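Engineer: I'd like to ask you about the structure that follows.
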Amino acid sequence: MNKLTIYFGIILLLLISIFYLYSSNAQQSNNNFNFGDFYIYIPENWEKIEHIGIDSYVGGITNGTDSLTFDYGWYSYDLSYENGEKQLFATDTINGKIALITKPKKVGYGTIGLYIENAYKKNHFNLLGNNISDEKTVFEIFKSIKFKDSDTTSNSKTIEFSEKITPYSGRSLFYTNCAACHHKNKIMTGPAFSGINELKFKKWILDSTEMTKIDTTEFGISYHRKTFGKLLTENEIEKLIEYSKSE
């Protein structure tokens, strides 16, 4: 075997490797499906399905056996009618968006779904399925959802399902957004959350005016306004205040 043949073989192997690498990356890119204002990762063997909506954008994805349907608009269903005796709830931060997630207590028998109150440009978003046994794949799809203004650096590491967490309750909002630094009744990195001053708390989070004094603390006013002023609505802040006053 001469040197020319060896060189040709090496070049051929390199070209084949590059081709497979490109094909793999292209497939991965294709699986992140563009729905306009948002992207959803679609696993292998799943495909996009079309629906006709009246006052919102509706559609979904399916693998032929299981299906997830989304509703994106002003009136998207918020999971508030799910049966608390049969369903578990959790809140999660997915690419900077606070999401409510539900799953059935008995795997494969009930609703598995996600709802985002502040999705994009005042629109709400849900993605729902029924009687799906492969919860792992569904949760991977949920975690992949990205809107045009999503912050991919902001994600919960773990989520905890509970019978006590109701849709967008003050308790669920507290454990999603505040519990890393605050305890309900004792000082941690930040002060105890119980008995907070309502007016000061609202002004601290929502006031968009420039501060006259530079905030130099690591997790002070500037941090909370920039982080939670964008994530939390005034209604959600009211629920947090109610939770701070509860026993």
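Engineer: For the stretch 151-203, what are the residues that are of a type in the set (D, E, K, R), farther than 18 Å from GLU82 by Cβ and under 16 Å from the mean Cα position of the chain (by Cα)?
Structural biologist: ASP151, LYS157
Engineer: Answer yes or no: is there a residue in the stretch 153-168 that is among the aliphatic types (A, V, I, L, M) and in contact with a Gly (Cβ under 7 Å, 6 or more places away or on another chain).
Structural biologist: no
Engineer: Something else about it: When you scan the stretch 49-58, do you find a residue that is surrounded by 14 or more Cβ atoms within 10 Å (Cβ to Cβ) and among the acidic types (Asp, Glu), even just one?
Structural biologist: Within the stretch 49-58 (the criterion being surrounded by 14 or more Cβ atoms within 10 Å (Cβ to Cβ) and among the acidic types (Asp, Glu)), the answer is no, since none of the residues qualifies.
Engineer: Applying the selection to the stretch 61-96, what residues are in a loop (DSSP other than H, G, I, E, B), among the hydrophobic types (A, V, I, L, M, F, W, C) and surrounded by 14 or more Cβ atoms within 10 Å (Cβ to Cβ)?
Structural biologist: Hit for the stretch 61-96 is LEU79, nothing else.
Engineer: Let me ask something else. Just to verify a result, which residue in the stretch 76-90, among those that are within 10 Å of TYR115 (Cβ to Cβ) and among the hydroxyl-bearing types (Ser, Thr, Tyr), is modelled with the lowest pLDDT?
Structural biologist: Looking at residues that are within 10 Å of TYR115 (Cβ to Cβ) and among the hydroxyl-bearing types (Ser, Thr, Tyr), I get SER80.
Engineer: To continue, here is another question. Have a look at GLY60, GLY53 and point out the one that is at pLDDT below 90, among the small types (Gly, Ala, Ser) and either within 25 Å of ASN32 (Cβ to Cβ) or within 19 Å of the chain's Cα centre (by Cα) (or both).
Structural biologist: GLY53
Engineer: Given GLY73, GLY96, GLY64, GLY110, which one is without any contact (Cβ under 8 Å) to a residue 40 or more places away in the chain and in contact with a Ser or Thr (Cβ under 9 Å, 6 or more places away or on another chain)?
Structural biologist: GLY110
Engineer: What do you reckon, is ALA99 buried (at least 22 other Cβ atoms within 10 Å of the Cβ) and farther than 18 Å from VAL138 by Cα? Can you show your working first?
Structural biologist: Working: buried (at least 22 other Cβ atoms within 10 Å of the Cβ): yes; farther than 18 Å from VAL138 by Cα: no.
Taking the combined requirement at face value, the residue does not satisfy it.
Engineer: Moving to a separate point now. Being of a type in the set (Ser, Thr, Tyr), exposed (fewer than 15 other Cβ atoms within 10 Å of the Cβ), at pLDDT below 75 and part of a loop (DSSP other than H, G, I, E, B) narrows it down to one residue among SER208, SER154; which is it?
Structural biologist: Residue meeting the stated conditions: SER208.
Engineer: Which of (1) more than 26 Å from ASN83 (Cα to Cα); (2) modelled with pLDDT of 85 or more does PHE142 not meet, given it meets every other one?
Structural biologist: The one condition PHE142 does not meet is (1).
Engineer: Another question, if that's okay. Applying the selection to the stretch 115-138, what residues are at pLDDT below 95 and under 13 Å from the mean Cα position of the chain (by Cα)?
Structural biologist: TYR115, ILE116, GLU117, ASN118, ALA119, TYR120, HIS124
Engineer: Of (1) assigned by TED's automatic domain parsing to the domain that holds SER244; (2) surrounded by fewer than 13 Cβ atoms within 10 Å (Cβ to Cβ); (3) not small (Gly, Ala, Ser), TYR175 satisfies all except one. Which?
Structural biologist: Status for TYR175: all satisfied but (2).
The values are calculated or read from the model by the stated rules, or taken from the named source; none is laboratory data. This is a predicted model, so every value here is computed, not measured. Methodologically, a virtual Cβ is constructed for each residue, glycine included, from the backbone with ideal geometry; neighbour enumeration extends over all protein chains shown.
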